[in-house]
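All remarks here apply to the structure that follows.
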Amino acid sequence: MMSIDARLEELGITLPEAAAPVASYVPVVVAGGFAYVSGQVSFVDGQLLKGRLGDDVSLDDGVKAARGCGLMILAQLKAALGSLDRVERIVKLGGFVNSTPEFADQPKVVNGASDLMLEVFGEAGKHARAAVGAPSLPLGVAVEVDAVVAVRA
């Protein structure tokens with residue numbers, strides 16, 4: 001079986017550095033066979049992707065923003081677990097999309113993170129999910145995603 005690091009290399013994916021928290025929380029808590037990953041905001045090419053879907057952020061850029069959140073989730077997991085090979089399954093993603101009241105494509109946006117998990121982990125990347133609109137998000141970002149992940153000891 002291929003290691004997750006080898007899979008990332010095969011996909012041409014380089015993980016970012018795990019970001020430090022911006023408030024009073026920790027990025028990941030590992031307890032009872034699960035890793036709970038705090039909400040990760042939309043970094044794309046090393047920059048925060050800010051704005052609002054339905055206003056100044058396109059659907060395509062929203063999908064890229066959600067993928068950036070997913071990449072940071074993976075970076076946080078690797079930092080906390082030592083190896084992504086300890087991931088047994090992505091259990092749930094929670095997606096928050098900074099969007100106008102009229103914008104209704106939050107699920108399409110959050111697919112950016114969901115599709116990444118499927119690319120990297122295959123069947124183990126299939127997960128439950130929420131994708132909701134929010135009137136604003138921390139730091140003015142377009143997307144935030146958190147995760148619950150089953151992990152091996």
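The values are calculated or read from the model by the stated rules, or taken from the named source; none is laboratory data. If you're wondering where the values come from, they're calculated on a predicted model, not measured in any experiment. Here the Cβ positions follow ideal geometry from the backbone for every residue, glycine too, while neighbour counts run over all protein chains shown.
Of all residues in region 112-130, those that are outside any helix (DSSP H, G or I) have Cβ atoms under 6 Å from Cβ atoms of residues that are at pLDDT 95 or above and crowded, with 19+ Cβ neighbours inside 10 Å, 6 or more apart or on another chain, in His127/Ile90; His127/Leu93; Arg129/Leu93. Looking only at region 24-54, which residues are in contact (Cβ under 8 Å) with a residue 12 or more places away in the chain and out of contact with any strand residue (DSSP E or B) (no Cβ under 8 Å at 6 or more places or on another chain)? Phe43, Val44, Gly46 - these are the residues of region 24-54 that are in contact (Cβ under 8 Å) with a residue 12 or more places away in the chain and out of contact with any strand residue (DSSP E or B) (no Cβ under 8 Å at 6 or more places or on another chain). Name the residue that is farthest from Phe96 (Cα to Cα), counting only residues in region 1-50 that are in a loop (DSSP other than H, G, I, E, B) and among the polar types (S, T, N, Q). If we take residues in region 1-50 being in a loop (DSSP other than H, G, I, E, B) and among the polar types (S, T, N, Q), then Ser3 is farthest from Phe96 (Cα to Cα). The set of residues in region 132-153 that are more than 23 Å from Val30 (Cβ to Cβ), surrounded by 14 or more Cβ atoms within 10 Å (Cβ to Cβ) and either under 12 Å from the mean Cα position of the chain (by Cα) or of a type in the set (S, T, N, Q) (or both) contains only Val143. For region 39-55, check the following and say yes or no: at least one residue is aromatic (Phe, Trp, Tyr), modelled with pLDDT of 95 or more, within 16 Å of Leu77 (Cβ to Cβ) and surrounded by 16 or more Cβ atoms within 10 Å (Cβ to Cβ). No, region 39-55 contains no residue that is aromatic (Phe, Trp, Tyr), modelled with pLDDT of 95 or more, within 16 Å of Leu77 (Cβ to Cβ) and surrounded by 16 or more Cβ atoms within 10 Å (Cβ to Cβ). Any chance region 83-91 includes a residue that's farther than 17 Å from Gly33 by Cβ, in a loop (DSSP other than H, G, I, E, B), over 13 Å from the mean Cα position of the chain (by Cα) and modelled with pLDDT of 95 or more? No, region 83-91 contains no residue that is farther than 17 Å from Gly33 by Cβ, in a loop (DSSP other than H, G, I, E, B), over 13 Å from the mean Cα position of the chain (by Cα) and modelled with pLDDT of 95 or more.
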